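Below is one structure, written out as structure tokens; the observations come after it.
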Amino acid sequence: MDVIKQDLRKNQILDAAMEVITQHGYENSRMDDVVKYSKMSKGAIYWYYNSKKDIYLDLVNYWVLRYSDMVSKILEKDQKASLQLKKIFSYFIDEYEKDPEPFKALTEFWSMAQKDNDFRKKLQKVYGAFLDVIESIISNGKKSGEFKNLDTRIAALSIMMNIETINWFTLFDDHGVSAREYFNTLTDFILSGLLKKQ
């Protein structure tokens, strides 16, 4: 089987797994559910994955790669650090509004990270890489004189934690505030804390 066809098959499985985990949760999902949603045979799925856990660990990779590509493109452009942060916030809210399912799945992965060391390691690696990106932006903003001289790690952690709050909107009533309104206000708060006074 050629590589393109293999990738398409894996994507078909991972798309089905996304649907299953957001509807049933990790604990209540079964390989048979993934078979049903993917419209593939059980044998075909086992050709690619040995277990439900393997599928969901790969699902983390699948979405990280998707989001990482766009974040990398934002960073490639020679722009002010504040504009890069705004674009990252905007990108995540756009993605959330297009398809909240990956954000719902993330809450399941957080839950699994508390119970399973493989999920914990996977998420630590993902968040570590994203934290490095945010730190890089902040460091560049400090070097250029755009941002205050503050603790880069603490600022990056604060930003990352606030980006993660988008998941709140997948779980709870929005209380009359849209995710976009929240993120626009949040972006203003964060940037006012980072930017040097003119």
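The values are calculated or read from the model by the stated rules, or taken from the named source; none is laboratory data. As the structure is a computational prediction, the values presented were derived from the model and not from experiment. Ideal geometry is used to build each Cβ from the backbone, glycine not excepted, and the neighbour counts take in all protein chains shown.
Against the definition (surrounded by 14 or more Cβ atoms within 10 Å (Cβ to Cβ), outside the structural domain of G128 (by TED's automatic domain parsing), within 24 Å of the chain's Cα centre (by Cα) and acidic (D, E)), how does D58 come out, yes or no? No: the conditions fail for D58.
One line per residue, one yes/no per condition, for (1) acidic (D, E); (2) in the same structural domain as D58 (by TED's automatic domain parsing); (3) modelled with pLDDT under 90; (4) in contact with an Asp or Glu (Cβ under 9 Å, 6 or more places away or on another chain):
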residue	(1), (2), (3), (4)
K87	no, yes, no, no
G145	no, yes, no, no
A156	no, yes, no, yes
I159	no, yes, no, no
I163	no, yes, yes, no
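Considered as a group, the residues in the stretch 137-148 that are of a type in the set (G, A, S) and part of a loop (DSSP other than H, G, I, E, B) include one that is surrounded by the most Cβ atoms within 10 Å (Cβ to Cβ), and that residue is S144. Within the stretch 161-187, the set of residues being part of a loop (DSSP other than H, G, I, E, B) and touching a Phe, Trp or Tyr at 6+ places or on another chain (Cβ under 7 Å) is empty. In the stretch 105-127, what residues are aromatic (F, W, Y) and buried (at least 18 other Cβ atoms within 10 Å of the Cβ)? Once the filter is applied, which keeps residues that are aromatic (F, W, Y) and buried (at least 18 other Cβ atoms within 10 Å of the Cβ), the stretch 105-127 yields F109, F119.
Annotation note: Cβ proximity below 9 Å between a residue of the stretch 37-63 that is in contact (Cβ under 8 Å) with a residue 40 or more places away in the chain and a residue that is surrounded by fewer than 15 Cβ atoms within 10 Å (Cβ to Cβ) and outside any helix (DSSP H, G or I) (sequence gap 6+ or interchain) occurs for no pair.
Kindly establish whether I134 is under 19 Å from L83 (Cα atoms), crowded, with 17+ Cβ neighbours inside 10 Å and touching a Ser or Thr at 6+ places or on another chain (Cβ under 8 Å). Considered against the rule, which asks whether it is under 19 Å from L83 (Cα atoms), crowded, with 17+ Cβ neighbours inside 10 Å and touching a Ser or Thr at 6+ places or on another chain (Cβ under 8 Å), I134 comes out as no. Please enumerate the residues belonging to the stretch 158-198 that are touching a helix residue (DSSP H, G or I) at 6+ places or on another chain (Cβ under 7 Å), among the hydrophobic types (A, V, I, L, M, F, W, C) and free of Cβ contacts under 8 Å to residues at least 40 places away in the same chain. Within the stretch 158-198, just M160 meets the criteria. Considering the stretch 89-104, the residues that are among the acidic types (D, E) and within 17 Å of L14 (Cβ to Cβ) include one that is surrounded by the fewest Cβ atoms within 10 Å (Cβ to Cβ), namely D99.
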